[in-house]
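Working notes, structure below.
Bear in mind that the values in this text are calculations on the coordinates, not laboratory data. This structure is a prediction, so every number in the text was calculated from the model and none was measured. Methodologically, a virtual Cβ is constructed for each residue, glycine included, from the backbone with ideal geometry; neighbour enumeration extends over all protein chains shown.
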Amino acid sequence: MSELQGSLEGKGRRFAVVVSRFNELVTEKLLAGARACLLQHGVGVDAVDVLWVPGAWELPAAALHAAHTGRYAGIVALGCVIRGETPHFDYVAGEAARGLATVALETGLPVGFGVLTTDNADQALARAGGHKGNKGWEAALSALELADLFAVLGEQHAGA
């Protein structure tokens, strides 16, 4: 029996970070966390492409197009959907999550999920570099680990 786990080594890998402009005060902080994580783990400054989209709803479409370019070892999706007075929150948050999962499953590319779904702006800021950490960092970390794991699995398959 073998056990495999991806490392957090990003050297030689390229990543797309897809970021929603909606709630930009929060998403800029998520982006800073994701970028810092990728750079700290060896991804080159020129190997991180930031793709801005209008809102969380547009994240899956942009992630899918980025995945189809074949340029990236992984994608980090960042957004912030804050609950309001109408069910709009449920549709946007749910469909963004479903769409990003579909991108990962259909393309085989890791998609780090850094879309905050909070009840208010204070909760969002707490998770974008505040006392609850930075979910952008965590999403980038997941994409790094999965990119390496998928590479290891590909090498094993090629050598089998």
Quiz item: segment 26-73 to segment 79-145: how many Å between their Cα centroids?
Solution: 13 Å
Quiz item: With Rg and the Kirkwood Rh both taken from Cα atoms, where does Rg over Rh land for segment 50-115?
Solution: 0.99
Self-check item: Along each principal axis, Cα extent of segment 5-69, largest first, Å
Solution: 31, 28, 25
Quiz item: Per residue and in Å³, how big is the convex hull formed by the alpha-carbon atoms of the chain?
Solution: 117 Å³
Practice problem: Run the quick spin-label model on His131 and Leu8: label points 7 Å from Cα toward the beta carbon, then report their separation in nm to one decimal. | Solution: 2.4 nm
Exercise. For segment 105-160, build the charge dipole from Cβ charges (+1 Lys, Arg; -1 Asp, Glu) around the Cα centre, then report which of Ala151, Thr107, Gly133 sits farthest towards its positive end.
Key: Gly133
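Viscosity 1.306 mPa s, temperature 10 °C: Stokes-Einstein D of segment 94-155 from its Kirkwood Cα radius, in µm² per second? Walk me through the numbers before you get to the answer.
Working: Rh = 12.9 Å.
Estimated diffusion coefficient is 123 µm²/s.
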Self-check item: Total charge dipole magnitude, the chain, about the Cα centre, Cβ charges on Lys, Arg, Asp, Glu only, Debye to nearest 20
Solution: 240 debye
Self-check item: Label-point gap, in nm, between Glu85 and Phe150 - each point 7 angstrom along Cα→Cβ
Solution: 4.3 nm
Quiz prompt | Calculated [θ] (222 nm, deg cm²/dmol) that DSSP helices of n ≥ 4 give over the chain, each run adding -39,500 (n - 2.57) | solution = -16000 deg cm²/dmol
Quiz item: Which percent of the Cα-Cα distances in segment 82-122 go past 13 Å?
Solution: 57 percent
Quiz prompt | At least 18 Å along the helix axis (C-alpha) and Kyte average at least 1.6, DSSP helices within the chain | solution = none
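Of all beta bridges DSSP finds with both residues in the chain, what is the antiparallel percent, to the nearest 5?
Details: 2 of 21 bridges.
The antiparallel proportion sits near 10 percent.
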